[in-house]
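Taking it in order: structure first as structure tokens, then the write-up.
The values are calculated or read from the model by the stated rules, or taken from the named source; none is laboratory data. What you see is a predicted model, and the numbers here were worked out from it, not measured in a lab. Glycine gets a Cβ as well: all are built from the backbone with ideal geometry, and neighbour counts include every protein chain shown.
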Amino acid sequence: MSDQNNQIQDLWEKLKQEGASNEQLCELIKDVPDLRKEAWVLLKAQEPDNNQLRFIMEHVEECRDEAWTILKKQGLNNYELKNIIEYVPAARAEAWRIMQKQKPSCQELRDVVRYTKELRQEAWDALMKARPKPEDLLYIIRFVNEYREQAWQALSKMKPDVHDLKYVLKYVPDLLDRAWQVFKEVKLSGSELKSVIIEVPQLRQEAWQEFKDQNPSNEDFCIIMRDVHELRAEAWQEFLKRDPSSEDLRYVMNYVKALRGEAWMALLEKGASNDDLCYIMKDIPSLRLEAWQVLKDQHPSEDDLKFIGDYVEALSGEANELLKTRAGNIVGEIKRAAEPAEELKEE
């Protein structure tokens, strides 16, 4: 026996004395042929679970048949059978027969359709007999080209809802035109059209035209400006036609950097409140000084100055000084008001 073999045997004896776990034995059976038989015997004696036996089936051909026999005696659920079907071709046919007897779910069947070409037709037939739900057909439509058309026909008969159609629009370019035609037959909300604009570039322009006719909210336009660069300028013009509120304009300033300057000018023209200016100073550093100057011209209240002192570090010193000055002025006014009238002084 070579020195290497001696070393392996010595370490193996040590591992057995320490107590090898089933996971460790699986690793040795897979990776160390010289210890495979002994480790396999020990693993069986330690009653491996189904996951460990499936590991052996997948990775160790020499032990596969015996592991499969033990597994069948222990009993397998459909998830375990599905994995054997996918990863262990030698046991595929028998695992499929067992799975069929156990009434697989549509989700299990659709996975067999997707991942096991050898059983695809049988699994597809079984899936259709099991009355698949729209989500099962959408899965086939997206991932199994071979049955895409049949799954689409079956889905169409179910009167798919907006979410189903949007899924097809987003993930299955081959069915884009047909799905869009069905999609338009459904009464669409502005929110649903907005999601198509954002998520399906191929239909963006057509959905945009319909979206504008739905009397969308300013919030909808804000999101288009934020998320769809190619429609940003047009959405901005439509947005301005609808008399956006100060809050709407601040949203654009916060989240659409490319339109920040224009939104700022629109807000000033509309008349920025002290609250608007305070939040702009807090949230948008690039406009902080300009907003501060406007606020000072509008005579900030004590609460405004306290807000800036608390939340706008860069201006807190100046805001606090103004507070002190204002407090000092008020004290002076109080003292002057408390002075006796001239006629009382003369008496």
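Numbers for the structure displayed
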| quantity | calculated |
| --- | --- |
| Every residue from region 201-241 that is assigned to a helix (DSSP H, G or I), among the aliphatic types (A, V, I, L, M) and either touching a residue at least 24 places away in the same chain (Cβ under 8 Å) or under 19 Å from Ala266 (Cβ atoms) (or both) | Leu203, Ile223, Ile224, Met225, Leu231, Ala233, Ala235, Leu240 |
| Considering residues of region 272-300 that are β-branched (Val, Ile, Thr) and touching a Leu at 6+ places or on another chain (Cβ under 9 Å) only, the residue surrounded by the most Cβ atoms within 10 Å (Cβ to Cβ) | Ile280 |
| Breaking point among (1) at pLDDT below 85; (2) in contact with a helix residue (DSSP H, G or I) (Cβ under 6 Å, 6 or more places away or on another chain), for Phe307 | (1) |
| Search result, residues across region 168-217 that are touching a Pro at 6+ places or on another chain (Cβ under 9 Å) and closer than 20 Å to Asp227 by Cα | Gly190, Ser191, Leu193, Lys194, Gln202 |
| The one condition in (1) modelled with pLDDT under 95; (2) in contact with a helix residue (DSSP H, G or I) (Cβ under 8 Å, 6 or more places away or on another chain); (3) closer than 30 Å to Phe239 by Cβ that Ala319 fails to fulfil | (3) |
| Region 151-200, residues that are part of a helix (DSSP H, G or I) and of a type in the set (Lys, Arg) | Lys157, Lys166, Lys170, Arg178, Lys184, Lys194 |
| One residue from Leu109, Leu53, Leu76 being aliphatic (A, V, I, L, M), at pLDDT 95 or above and not in a helix (DSSP H, G or I) | Leu76 |
| Whichever residue in region 182-219 is in contact with a Lys or Arg (Cβ under 8 Å, 6 or more places away or on another chain) and surrounded by fewer than 21 Cβ atoms within 10 Å (Cβ to Cβ) and, among such residues, is nearest to Leu259 (Cα to Cα) | Asn218 |
| Residue count, region 11-41 (criterion: exposed (fewer than 13 other Cβ atoms within 10 Å of the Cβ) and touching a Lys or Arg at 6+ places or on another chain (Cβ under 7 Å)) | 0 |
| Residue match in region 129-143 (condition: within 33 Å of the chain's Cα centre (by Cα), more than 28 Å from Pro173 (Cα to Cα) and surrounded by fewer than 21 Cβ atoms within 10 Å (Cβ to Cβ)) | no |
| Lys72 being closer than 30 Å to Leu43 by Cβ and crowded, with 18+ Cβ neighbours inside 10 Å | no |
| First in region 24-38 and within 10 Å of His59 (Cβ to Cβ), second anywhere and surrounded by fewer than 18 Cβ atoms within 10 Å (Cβ to Cβ) and of a type in the set (Ser, Thr, Tyr), Cβ under 9 Å, 6 or more apart | none |
| Residue pairs meeting the criteria (Cβ under 6 Å; at least 6 apart or on separate chains; first farther than 16 Å from Leu71 by Cβ, in region 87-113; second not in a helix (DSSP H, G or I)) | Cys106/Ala130; Cys106/Pro132; Val113/Val144 |
| Condition check for Val228: modelled with pLDDT of 95 or more, of a type in the set (Val, Ile, Thr) and more than 24 Å from Leu188 (Cα to Cα) | no |
